[in-house]
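> Okay, handing you the structure first.
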Amino acid sequence: MAKTKINPTLKMVLEMGPIVLFFIGYLKLRDSSFTIAGSDYQGFIIVTAAFIPLMVLSSGILWKLTGHLSKMQMATLVLVIVFGSLSVWFNDERFFKMKPTIIYLLFGGMLGFGLLRGKSYLKVVMEEVLPMQQEGWMILTRRLCGFFLGLALLNELIWRTQSTDNWVYFKTFGLTAGVFIFFMSQSALFQKYGEESEDTPDAAE
């Protein structure tokens, strides 16, 4: 299926909507307990159970509208299903809390493996939206690799030492803000190594 561009706002809603709904649901149910089939489930587990089909639905709509899901999106979806299901099945929130750690270790590990081979796998994913010289891609990939590994370590530290409330706030706002701030901080790199897209018309013509 060919890739199709959609409204950026709609794309953001589909990508961020499940996370926002998870946060809202948690705030409403965090102090609640539910008895289902003879077992007691805290609000966190119930919200996690609802988050899984929401992610599947939003990813399915995104794929239907664009004809494409990135490797990062597919990996995230698979890990949400696996670790979310483990949390619900074993009635243990720790599995879901470990999910960001696994995601960032996976992304950081893949970028690191590419660097060991002298390649930037990040370029393969983002070259169409961010034209840049090869040297710039290698620098950005090294930085992002370290950043992802740092986020994995930070997630482990937060969920193992802080309350569930603090972890949910960290996951919803901290991780999102961290990624945004990271890319904003790379503006000098983009300016130095950026290239004009081939689709951009020559000003002299």
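The values are calculated or read from the model by the stated rules, or taken from the named source; none is laboratory data. The shown structure was predicted, so the numbers you read here are calculated from the model rather than taken from an experiment. Here Cβ is always computed from backbone atoms with ideal geometry, including for glycine, and neighbour counts include all displayed protein chains.
For (1) on the phi < 0 side of the Ramachandran plot; (2) surrounded by 12 or more Cβ atoms within 10 Å (Cβ to Cβ); (3) outside the structural domain of ASP165 (by TED's automatic domain parsing), each residue gets a yes or a no:
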| site | (1), (2), (3) |
| --- | --- |
| THR4 | yes, no, yes |
| PRO8 | yes, no, yes |
| VAL13 | yes, yes, yes |
| PRO18 | yes, yes, yes |
| LYS28 | yes, no, yes |
| GLY38 | no, no, yes |
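> Please state which one of THR200, THR176, THR161 is closer than 17 Å to PRO100 by Cβ, out of contact with any Leu (no Cβ under 9 Å at 6 or more places or on another chain) and modelled with pLDDT under 95.
THR176
> Among the residues of segment 101-120, is there at least one that is among the aromatic types (Phe, Trp, Tyr), surrounded by fewer than 17 Cβ atoms within 10 Å (Cβ to Cβ) and within 30 Å of TYR26 (Cα to Cα)?
For segment 101-120, residues among the aromatic types (Phe, Trp, Tyr), surrounded by fewer than 17 Cβ atoms within 10 Å (Cβ to Cβ) and within 30 Å of TYR26 (Cα to Cα): absent.
Residue-wise test of (1) exposed (fewer than 13 other Cβ atoms within 10 Å of the Cβ); (2) aromatic (Phe, Trp, Tyr).
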position	(1), (2)
PRO131	no, no
LEU144	no, no
PHE148	no, yes
LEU157	yes, no
PHE170	no, yes
GLY174	no, no
PHE180	yes, yes
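> Quick check on SER185: is it at pLDDT 90 or above, touching a Ser or Thr at 6+ places or on another chain (Cβ under 8 Å) and over 29 Å from TYR26 (Cα atoms)? Show your work before the answer.
Details: at pLDDT 90 or above: yes; touching a Ser or Thr at 6+ places or on another chain (Cβ under 8 Å): no; over 29 Å from TYR26 (Cα atoms): yes.
It is false that SER185 is at pLDDT 90 or above, touching a Ser or Thr at 6+ places or on another chain (Cβ under 8 Å) and over 29 Å from TYR26 (Cα atoms).
> Same structure, new question: Going by what's in this entry, would THR48 be described as in contact (Cβ under 8 Å) with a residue 40 or more places away in the chain, part of a helix (DSSP H, G or I) and assigned by TED's automatic domain parsing to the domain that holds ARG160?
no
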